[in-house]
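Notes follow the structure.
Here, each number is a calculation from the coordinates, and none is a lab measurement. Every value quoted in this text rests on a predicted model; they were computed, and no experiment measured them.
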Amino acid sequence: MQLMKQTILKDRNETVNRLSIACSDAEYTLNVAIVYQDAPTRQWAGRVQDRLVELVGEAAIHCTEWKIDDLTEAGTYSKSVAALARADVIVVALYEAERLPAAFYLWVNLWLQVRSGLPGALVALVAPTEGLHHGSRETRRYLCAVASQGRLDLLEGNQPGEPIRGLREDIFQWAKAA
């Protein structure tokens, strides 16, 4: 069992090293945009960012962060639209809700239009909310529709701390396709 773990780790490290070299050689920056609701959801999104750094190297990532409550400010609104329109990976971390703020829906629609179907990935980190009707999955359905409309690969996280399914060593493919 120990030998198998060592082999898996060795193979993973070789893959990560190849990706880091590929990123350096290509001189391409993976554009990552993080949108979060509060400190705990920012921390959750930060784990995805850390994983991306492991995969492609610190020098190969350009990351912007946007707090949902700040999106109503004019300067933040326009800068965030531009950042998400050109992002290779968009990480949205929030709580499940019956309905999100109207300004959030308008903001998403705008960056989707500006984005014009560029390839990329949407990492949807949606934490369950206590007391919310169990049948309500509006936030997840909405983010799934956003990914579909924007032609983005959808990766989902359901619980803070759990690994994101699909966030693998081939993540650099989104950057190559852009």
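Maximal additional length on extending the Arg151-Ser78 stretch stands at 24.1 nm, based on 0.36 nm per residue less the C-alpha distance. Less than 5 angstrom separates the built amide H of Ala127 from those of Leu94, Tyr95, Glu96, all sequence-distant by 5 or more or on a different chain.
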